[in-house]
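Novice: Following this message is one structure expressed as structure tokens.
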Amino acid sequence: MTPSEGARAGTGRELEMLDSLLALGGLVLLRDSVEWEGRSLLKALVKKSALCGEQVHILGCEVSEEEFREGFDSDINNRLVYHDFFRDPLNWSKTEEAFPGGPLGALRAMCKRTDPVPVTIALDSLSWLLLRLPCTTLCQALHAVSHQDSCPGDSSSVGKVSVLGLLHEELHGPGPVGALSSLAQTEVTLGGTTGQASAHILCRRPRQRPTDQTQWFSILPDFSLDLQEGLSVESQPYSDPHIPPVDPTTHLTFNLHLSKKEREARDSLILPFQFSSEKQQALLRPRPGQATSHIFYEPDAYDDLDQEDPDDDLDI
Amino acid sequence: MFVELNNLLNTTPDRAEQGKLTLLCDAKTDGSFLVHHFLSFYLKANCKVCFVALIQSFSHYSIVGQKLGVSLTMARERGQLVFLEGLKSAVDVVFQAQKEPHPLQFLREANAGNLKPLFEFVREALKPIDSGEARWTYPVLLVDDLSVLLSLGMGAVAVLDFIHYCRATVCWELKGNMVVLVHDSGDAEDEENDILLNGLSHQSHLILRAEGLATGFCRDVHGQLRILWRRPSQPTVHRDQSFTYQYKIQDKSVSFFAKGMSPAVL
């Protein structure tokens, strides 16, 4: 069994969650917070991509390479291409070991590839880049990288690109986060209650309405996913095999359905305020016996027809 | 060091973990007792300590250290402690001509971009000496505190870069530890401080947060301490767990108890 077949042989629901996150391609935004960290989910997605045979590039800015690779077995580690921007991202040591152009240069270089192999790029973290680069530059670079496969020209030769970006929500204002969110095909917001993590997944498929669902999960030490029932949206409907389902529409004291005759009678009924041609004729035809109507009034002696004070109760 | 705090953190000077960043923050109270704890803890663990003290003078820490059983003067003399006294050397930066860049060089410059001189001071202080014999167990960097750097004109990203480089050198390369203190402004609209605090929180392995009581000042309970473990070494144990204890600071120790279980009310 090849590793990619082994990956697909996992539990059906586990495949659903990770596959649905990776299937769309484009930018996948992982929004985490101090309480609910997202790096483990990022590593789970990286492991899944590597097992599916994709080329995986990691832009590591926040943690060391050893720490990122920790927990992966050697099979997966050999498939990861790690770009280390942790040791000297700003070139303070004045050696030219670092990639010229820094992390942004590395990201832009990935736009120029021409392989047909699908590729996954993991940004650890997008927050690190967003704090040090102008938001517009970063968004343009992300758009260029994640939409390579949809540009008309080389669309046949370039494989699907997925960009996984880890974003720490508390560090940025609503503007940059909103801009990245509008670029993203999929957004995963991590949260949870005590002891149980949840992911709220928002998918924007092209030409379809965005779908969202909440999935409760936990990540095992080898970075595979364990889905929990919890409050999952797609949980099974409750049905107890020993009690037959009761039909509530039996034994009613009122009629829920109409017979055919009743339906016809209902349909032929004219509504009182509906303006039909008969009504129009009735209005236009003068009524017999009453051409006009008049009100005859004889004012009394004490009657004060004062238009300004008809009730005679103002003290003017 | 406070023995009760060691018990809560499940650590002793002999078997402390290495390569970790501990973030101390305080909100509406003074969290400096945690700094004194870690200073004496790591000196007792026989570590090489670099202390960037920007808030208080050397004698202040020395007096408190004596109550906790360590002598900072002797530690400095034998080379275990490298002490940057911010209050004194800030004056040197302004009034004395320096040939080499001073660690607090940013005070002189109008548009100080980064804290590279300070990082180089730390790296120089903690680099292992090739004398053949390892005198000290592992290096430790203590900073008290980072919020004052924001007040002195550095941007939050510059301070985060400084901590990033310190992490890369002290925690990753030299397998040492770091302890930094940041004040939490709470309700005040200090965006730079929030970015610094949240950015550091995401990078830390352990966060100790000293908070004042919501109900105000109390004679018997000085505050509460929240302990949050992030990124533990074993993923299944203590994953993102948080504990809260209340404490009372006494002359030479700090006593911790569960919420509502202060000896004064029992």
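Novice: Mind jotting down a quarter of the surface of the convex hull over the alpha carbons of the stretch B:151-227, in square nanometres, one decimal?
Specialist: 6.5
Novice: Right, another one. Taking every eigenvalue of the Cα gyration tensor of the protein assembly as shown, multiplying by 5 and rooting it, what semi-axes result, largest first, whole Å?
Specialist: Computed over the protein assembly as shown, the values are 62, 37, 28 Å.
Novice: Just counting partner chain Cβ atoms within 10 Å, what average do the residues of peptide B:78-88 show around their Cβ? It would help to have the intermediate numbers written out before the result.
Specialist: Details: counts 0, 0, 0, 0, 0, 0, 0, 0, 0, 0, 0.
The shielding value for this peptide is 0.
Novice: Between Rg and the Kirkwood Rh of the stretch B:20-125, both from Cα atoms, what is the Rg to Rh ratio?
Specialist: On the way: Rg = 15.0 Å, Rh = 15.2 Å.
Answer for the stretch B:20-125: 0.99.
Novice: Distance between Cα centroids, the stretch B:129-194 to the stretch A:164-186: provide it in whole Å.
Specialist: The two parts, judged by their Cα centres, are 27 Å apart.
Novice: Please compute the contact order of chain B in relative form: average sequence separation of alpha-carbon pairs under 8 Å and at least six residues apart, divided by the residue count, as a percent.
Specialist: 25
Novice: Take every Cα pair under 8 Å in the stretch A:10-226 that's 6+ residues apart, average their separations, divide by the length, and report that relative contact order as a whole percent.
Specialist: Relative contact order, the stretch A:10-226: 29 percent.
Novice: A further question on this structure: Give me the three principal axis extents of the stretch B:52-209 from the C-alpha atoms, as integers in angstrom, largest value leading.
Specialist: 48, 40, 33
Novice: Still on this structure, I have one more. Let me confirm one metric for peptide A:86-93, namely the mean number of other chain beta-carbon atoms within 10 Å of its residues' beta-carbons.
Specialist: Shielding by partners across A:86-93 averages 5.
Novice: Sticking with this structure for a sec: Round to a whole angstrom and tell me the spacing of the C-alpha centers of the stretch A:199-228 and the stretch B:44-61.
Specialist: Result: 47 Å between the Cα centres.
Novice: What number, in percent, do you get for the relative contact order of the stretch B:1-152 if the mean sequence gap of Cα pairs under 8 Å and at least 6 apart is divided by its residue count?
Specialist: Details: 165 pairs, mean separation 44.4, N = 152.
Reported relative contact order: 29 percent.
Novice: If you add up the charges near A:G173, with Lys and Arg at +1 and Asp and Glu at -1, over every other residue whose beta carbon is less than 12 angstrom from its beta carbon, what do you get?
Specialist: So the environment of A:G173 carries a net charge of -4.
Novice: Rounded to whole Å and sorted largest first, what semi-axes of the equivalent ellipsoid does the C-alpha gyration tensor of chain B yield via the square root of 5 times each eigenvalue? Walk me through the intermediate numbers first.
Specialist: Working: eigenvalues 169, 98, 72 Å².
Sorted largest first and rounded, they come to 29, 22, 19 Å.
Novice: Ranked highest first by the average count of other Cβ atoms within 10 Å around their residues, in what order do B:58-64, B:210-216 fall?
Specialist: B:58-64, B:210-216
Novice: Could you derive backbone 3J(HN,Hα) for the stretch B:154-161 from the dihedral phi with the Karplus parameters 6.51, -1.76 and 1.60 (θ = phi - 60°), listing whole Hz in sequence and x where the residue is Gly or Pro?
Specialist: Values per residue, Gly and Pro as x: 7, x, 4, 5, 5, 5, 5, 5 Hz.
Novice: From the backbone phi of the stretch A:177-189, what are the Karplus-calculated ³J(HN,Hα) couplings (6.51 cos²θ - 1.76 cosθ + 1.60, θ = phi - 60°) in whole Hz, Gly and Pro given as x?
Specialist: 5, x, 5, 5, 5, 6, 7, 7, 7, 9, 10, 10, 10
Novice: Between B:S204 and residues 5 or more places away or on another chain, which pairs have amide H atoms under 5 Å apart, with H built 1.01 Å from N, and which residues are they?
Specialist: Hits under the 5 Å cutoff: none.
Novice: Check B:M154: other-chain or 5+ apart residues with amide H under 5 Å from its amide H, H built from backbone geometry?
Specialist: Placed amide hydrogens put nothing under 5 Å from B:M154.
Novice: If you wrap the stretch A:10-226's Cα atoms in a convex hull and average its projection over all directions, what's the area in nm²? It would help to have the intermediate numbers written out before the result.
Specialist: Values: hull surface 50.4 nm².
Answer in nm², one decimal: 12.6.
Novice: Too long at a 32 Å Cα-Cα cut-off: which of B:K28/B:K252; B:K48/B:K116; B:K28/B:K127; B:K67/B:K127; A:K43/B:K44; A:K160/B:K175?
Specialist: B:K28/B:K127; A:K43/B:K44; A:K160/B:K175, as the Cα separations exceed 32 Å there.
Novice: Karplus couplings for the stretch A:309-314 from phi (6.51 cos²θ - 1.76 cosθ + 1.60, θ = phi - 60°), rounded to Hz, Gly and Pro as x?
Specialist: These are the phi-based 3J(HN,Hα) values: 9, x, 8, 6, 10, 8 Hz.
Novice: Right, another one. Among DSSP beta bridges whose residues both lie in the protein assembly as shown, state the antiparallel percentage, nearest 5.
Specialist: Just about 40 percent of them are antiparallel.
Novice: Can you list the residues, at least 5 places off or on another chain, whose amide H is less than 5 Å from the amide H of B:K48, using H built in the peptide plane?
Specialist: Answer set, sorted by chain and number: B:T137, B:Y138, B:V140.
Novice: Moving on to the next point. Suppose we look only past 17 Å in the calculated P(r) of the stretch B:149-195. What percent of the Cα-Cα pairs does that tail hold?
Specialist: Pairs farther apart than 17 Å: 42 percent.
Novice: Let me ask something else about it. Residues of A:36-43, mean number of Cβ from any other protein chain within 10 Å of their own Cβ, rounded to a whole number?
Specialist: Mean partner-chain Cβ count within 10 Å for A:36-43: 2.
Read the figures in this text as sums done on the coordinates, not as results from a lab. Just so it is clear, the model here is predicted, and its values are computed rather than measured. Heads up, the Cβs are rebuilt from the backbone with ideal geometry, glycines too, and the neighbour counts pull from every protein chain shown.
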